[in-house]
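A short worksheet on the structure shown next.
Where a number appears in this text, it was derived from the coordinates with a stated rule and is not lab data. From a predicted model like this one, the values you see are computed outputs, not experimental measurements. Here the Cβ positions follow ideal geometry from the backbone for every residue, glycine too, while neighbour counts run over all protein chains shown.
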Amino acid sequence: MSTPASNPILIQPVPAPAQGESGFLASAFTPRALGIALGMVACLALAGEAWAQLTVGGERPGILATLWKWTPLILLGPPREFGGFALNILVSFLAMAIGTVSGLALGLGLISKFAPVRSVSWAITQFFRNSPWLVLLFFVMLLTPFQMRIGGVTIPFPAWFKATIGLALPIMANIAEIVRGAVNSIPTGQWESAESLAFSRLQTLWRIILPQCVKRMIPPWMNWYAILTMATPLISIVGVNDAMTLTQDALASEQRTELLMPMYGMLLLFFFVYCYPIARWTIRLERKYAVRN
Amino acid sequence: MEGLWDFLRSLHDAYGINLVHFYDTFERGRLLRGMWTTVQLAATCVLLSVLIGIIGAWLQGSRFKILKAFVQGYIQFFRNTPPLVQMYFFYFALGPQMPRVENEFGIAQPILGSFAWAVISLSFFAGAFNIEIFRSGVEAVQKSTVEAAESLGFNRWQIYRYVVLPLAVRVCLPALNNNLVNLIKTTTQAYAIAVPETLYIASQIWSDRINVFEMMVTLLTFYLILVGIFVWLMTRLERSLRVPGFGQ
């Protein structure tokens, strides 16, 4: 990471608005909020338990025991198969990786000096930013082949991988916007001083501008990671064995209405426990990297 | 109009471009009904979620700690869980607990249908974000303005209603705009609980008529136009609300 101290041509950045899309959320996070939210979930579970005590006799296993029985399946998927919440996380990692790399390229296209590249990148960005995620997911699921033959090699495209691509597309467009915003937030003086030191445009971008952008891009990037993770249950609609699908399967096999609230509540809790720390961490980084003025 | 339908029909015959959802009266009818449902769903959710945002932001300024903590818990819970699972929770877990009423054929049915549950869950989801957005606007209002209103004898609700909120709305319109666009896109999730909105109808049509690609393009175009119209309206609102002397 370049800092003004280690790199003489960098000028102390002038006060610029923080890039975070959710900078205003800074004061929203208190440990108490976590307590309250967890309390809400616990209340739901207890209500379900009480409901069960009232409505059914003692022959059936209790709600908590049933939840415990299904937890391994929902977290890790069926035995010898990959699925469940772990698959949600894997899909979120992969989609984020693909989306970030392609988004970086697209974002650099957005600030290109060459007008056609700029307008094509703009059109792609707008298209994928403004389309509903679920529609894009259907688009990729239904319109890409399930396998591809290149030469003699058959490359299979399993459903979960196609779903990953479908989720990576909107991420790509949003990352591109983040890159563009971050580059635009770097003072013009940086470009000019680099030019006066005979850096080419590519060199300036790669060695001076982008290293300074990284810090500004991390909080919104993490924000998008959280949004992506919360979008992964969508893949259950297109038939992937994720936590959502398995929860519904478990409910279908139990056939007990008093389980509905606790089971869905548990799934909500899984996501909450995973996403809430990320959100808090994002806020902390946002505060830390905020340009003071 | 007939000429256009004939042209689209000839496209199918000559090039295999199957735009049956335009020229077939039945398919067109149900697609248009689906689009209308999406518009209704989006409009209701936008209004309700903005209402939740305004009331929630007011409650956050409350003196009662417990009330604040409750709003805070609501925000964190809805912000950090997937909207799809929320929707399933509302529809499949809370839905069956609701009382049943008899419909006109004398059959018992839940008091709230899938449309109502979609509205409720999407509004609560977007509302959680809206509270944060409005609060950021409220915090941007100068303290001296509030003190001036206090010295003129406004009570807490009056200050919020006549002084703070009008200024806050102007500050937070861009962020609100973003979130509401996101909400409109999220209405497609109502597909999962079988609300007959555009995506649901479209998937029925592409299963019946095997025109997945053409239908997809229509679908994406529809949402681009819908979002485009909304953004245009919001930009006009933003411009008409602009206070001279603020911003550029």
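Can you pick out the pairs among A:K215/B:K143; A:K162/B:K185; B:K143/B:K185 whose Cα atoms lie more than 26 Å from each other?
Working: A:K215/B:K143 32 Å; A:K162/B:K185 21 Å; B:K143/B:K185 37 Å.
From the list (A:K215/B:K143; A:K162/B:K185; B:K143/B:K185), the Cα-Cα distance tops 26 Å for A:K215/B:K143; B:K143/B:K185.
With the crude spin-label approximation of a point 7 Å out along Cα→Cβ, what separation in nm comes out for B:E150 versus B:I17?
Those two pseudo-labels are separated by 6.6 nm.
For segment A:23-289, what number results from the quotient of the Cα radius of gyration and 2.2 N^0.38 Å? The partial results should precede the final answer.
Values: Rg = 23.0 Å, N = 267, 2.2 N^0.38 = 18.4 Å.
So the Cα radius of gyration is 1.25 times the expected 2.2 N^0.38 Å.
For B:217-228, what's the mean count of beta carbons from other chains sitting within 10 Å of each residue's beta carbon? Walk me through the intermediate numbers first.
Numbers: counts 1, 0, 5, 8, 1, 1, 5, 4, 1, 2, 5, 2.
Averaged over the peptide's residues, the number is 3.
Would you mind calculating the relative contact order of segment B:2-241 from Cα pairs under 8 angstrom and at least 6 residues apart, reporting the percent as a whole number?
26
Could you work out how far helix B:2-15 tilts from the main Cα principal axis of chain B, as a 0 to 90 degree angle to the nearest 10?
For helix B:2-15, the angle is close to 70 degrees.
Just from its helices, what would the mean residue ellipticity at 222 nm be for the protein assembly as shown, if runs of 4 or more DSSP H residues each count -39500 (n - 2.57) and the sum is divided by every residue, rounded to the nearest 500 deg cm²/dmol?
On the way: 20 runs with 367 residues, N = 541.
When only DSSP H runs of four or more count, the value is -23000 deg cm²/dmol.
Take every residue in peptide A:229-241, count the Cβ atoms of other chains within 10 Å of its Cβ, and give the average of those counts.
Values: counts 2, 9, 5, 2, 10, 7, 1, 4, 7, 0, 0, 0, 0.
That average works out to 4.
Applying the Karplus parametrisation 6.51 cos²θ - 1.76 cosθ + 1.60 with θ = phi - 60° to the phi angles of segment A:169-180, what ³J(HN,Hα) value in whole Hz is obtained for each residue in order, glycine and proline being reported as x?
Ordered by residue, 3J(HN,Hα) equals 4, x, 4, 3, 5, 6, 5, 4, 5, 4, 4, 4 Hz.
To the nearest 10 degrees, how steeply does helix B:212-241 sit against the main Cα axis of chain B, on a 0 to 90 scale?
That helix lies at roughly 30 degrees to the long axis.
Relative contact order of segment B:152-248, please, whole-number percent, based on alpha carbon pairs below 8 angstrom and at least 6 residues apart. It would help to have the intermediate numbers written out before the result.
Numbers: 29 pairs, mean separation 28.9, N = 97.
The value is 30 percent.
At a 10 Å Cβ-Cβ cut-off, how would you order B:K65, A:K69, A:K162, fewest neighbours first?
Details: B:K65 9, A:K69 12, A:K162 21.
The most exposed by this proxy come first: B:K65, A:K69, A:K162.
Check which residues have an amide H placed less than 5 Å from A:S112's amide H, if you skip close sequence neighbours.
Under 5 Å from the amide H of A:S112 lies no amide H from a residue far enough along the sequence or on another chain.
Take peptide A:258-271, look around each residue's Cβ out to 10 angstrom, count Cβ atoms belonging to other protein chains, and average those counts.
Details: counts 1, 1, 8, 6, 1, 4, 9, 4, 0, 5, 10, 3, 3, 5.
The per-residue average across the peptide is 4.
Based on the mean of other beta carbon atoms within 10 Å per residue, what is the order of B:165-178, A:224-237, A:184-197, A:76-89, most packed first?
Details: B:165-178: 18.7, A:224-237: 23.5, A:184-197: 14.4, A:76-89: 16.7.
In decreasing order of mean packing, B:165-178, A:224-237, A:184-197, A:76-89 become A:224-237, B:165-178, A:76-89, A:184-197.
Using each residue's phi in segment B:153-169, evaluate 6.51 cos²θ - 1.76 cosθ + 1.60 at θ = phi - 60° and report the 3J(HN,Hα) Karplus result to the nearest Hz, with x for Gly and Pro.
x, 6, 8, 4, 5, 5, 4, 5, 6, 9, 10, 6, 4, x, 6, 5, 4
With θ set to phi - 60° and the Karplus curve 6.51 cos²θ - 1.76 cosθ + 1.60, what are the ³J(HN,Hα) couplings of segment A:226-231 in order, to the nearest whole Hz, using x for Gly and Pro?
Each residue's phi maps through the Karplus curve to give 5, 4, 4, 4, 6, 8 Hz.
Among B:L47, B:I131, A:I150, whose Cα lies farthest out toward the positive end of the dipole of the protein assembly as shown, if unit charges sit on the beta carbon of Lys, Arg (+1) and Asp, Glu (-1)?
The listed residue farthest towards the positive side: B:I131.
Taking the Cα centre of segment B:115-248 as origin, sum charge times position over the Cβ atoms of Lys and Arg (+1) and Asp and Glu (-1), and report the length of that vector in debye to the nearest 20. It would help to have the intermediate numbers written out before the result.
Details: 10 positive and 8 negative charges, 70 e Å.
In debye, rounded to 20, segment B:115-248 gives about 340.
Under 5 Å between amide hydrogens, which residues at least 5 positions from A:D242 or on another chain qualify, with H placed 1.01 Å from N in the peptide plane?
When sequence neighbours closer than 5 places are left aside, the close amide H contacts are A:G84.
Just to confirm my numbers, what's the Cα centroid distance between segment B:51-130 and segment A:170-197 in Å?
If we compute the Cα centre of each part, the gap is 40 Å.
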